[in-house]
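The values are calculated or read from the model by the stated rules, or taken from the named source; none is laboratory data. The structure presented is a predicted model; accordingly, all values stated were derived computationally and were not measured. Virtual Cβ from ideal backbone geometry, glycine too; neighbours counted across all protein chains shown. For the accessible areas, the whole protein counts, side chains as well, though only heavy atoms, and no ligand, DNA or RNA atoms are used. Shrake-Rupley method; radii C 1.70, N 1.55, O 1.52, S 1.80 Å.
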Amino acid sequence: LVDGRNVPLTVGFHHVTVDIRDQIARTTIEESFVNRTDHVLEGVFYFPLPQDASISGFGMWIGDKLVEADVVEKERAREIYETILREKRDPGLLEWTGGNIFKARVYPIPAGSEKRIKISYTQVLPLQGNRYRYSYALQSDLLKQHPLRDLKIDVKVNSAMTLKNVTSPTHPARLAKTEHSGHVEFTAQEYTPTKDFEALIEVEGRQSDVVV
């Protein structure tokens, strides 16, 4: 959805980097939006987050430079965004719209070009028995609209406890594991998501030994 209208604004690349340390997961999403029209657009994008996640960063590239956003109160943020818009500089705004949905406003997305943004969030993965699960919502409306030109999900696990197994029950991912670290990687081109991505981590030892 752009300026209240549906236009051919599509996702170019979608790269997800996940760092899991003893059940605490930090997810960083970098993606590009492609403007296939012949005029400048303002993009409004909706990101579904896990219910227990906290936003920890938002930024966008202006030219070759990544500009990180400051987190400010909602009305003040809108005020700043509109001011920058009037001054014809490049603003980006990330808003919480209720529930687990965040809305990102980005301008400008020039005709026939791509705009890159970055969002990061953290969450605690609850332990169930001797395992915990990481999920990433590939089935969001935004990602299902058109095939993803370039998708990459890279999950690195570091565990104080001995790792028994690190797998992906949902995707044919590349897997690697040592006693205290694991790696799950899934890549695809021209990919249309049909299910969410999951990584499953199993640990040795007693439940009481792990942060809950």
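Figures for the structure shown
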read-out: Of residues in the stretch 67-81 being exposed (fewer than 13 other Cβ atoms within 10 Å of the Cβ) and at pLDDT 55 or above, the one nearest to Gly12 (Cα to Cα); value: Glu68
read-out: Residue identified as more than 19 Å from His14 (Cα to Cα) and modelled with pLDDT of 80 or more among Ser113, Ser54; value: Ser54
read-out: Output for the stretch 176-186, where each listed residue is open to solvent by 50 Å² or more (accessible area, probe 1.4 Å) and of a type outside the set (Ser, Thr, Tyr); value: Ala176, Lys177, Glu179, His180, His183
read-out: Matching option when the condition is crowded, with 16+ Cβ neighbours inside 10 Å, free of Cβ contacts under 8 Å to residues at least 60 places away in the same chain and not charged (D, E, K, R), among Pro193, Pro147, Pro169; value: Pro193
read-out: Test: residue in the stretch 5-12 that is in contact with a helix residue (DSSP H, G or I) (Cβ under 7 Å, 6 or more places away or on another chain), modelled with pLDDT under 80 and of a type outside the set (Asp, Glu); value: no
read-out: Number of positions in the stretch 24-35 that are open to solvent by 20 Å² or more (accessible area, probe 1.4 Å) and of a type in the set (Val, Ile, Thr); value: 2
read-out: Selection count, the stretch 185-201, where residues are polar (S, T, N, Q) and assigned to a strand (DSSP E or B); value: 2
read-out: In the stretch 131-141, the residues that are surrounded by fewer than 18 Cβ atoms within 10 Å (Cβ to Cβ) and over 12 Å from the mean Cα position of the chain (by Cα); value: Arg131, Arg133, Gln139, Asp141
read-out: Among residues of the stretch 36-66, those that are closer than 14 Å to Ser113 by Cβ, out of contact with any strand residue (DSSP E or B) (no Cβ under 6 Å at 6 or more places or on another chain), open to solvent by 30 Å² or more (accessible area, probe 1.4 Å) and assigned to a loop (DSSP other than H, G, I, E, B), counted; value: 5
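Condition check ((1) open to solvent by 20 Å² or more (accessible area, probe 1.4 Å); (2) touching a residue at least 24 places away in the same chain (Cβ under 8 Å); (3) closer than 28 Å to Gly12 by Cα; (4) of a type outside the set (D, E, K, R)) across all residues:
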| residue | (1), (2), (3), (4) |
| --- | --- |
| Gly129 | yes, yes, no, yes |
| Leu143 | no, yes, yes, yes |
| Ile153 | no, yes, yes, yes |
| Lys156 | yes, yes, yes, no |
| Leu163 | no, yes, no, yes |
| Arg174 | yes, no, yes, no |
| Ala188 | no, yes, yes, yes |
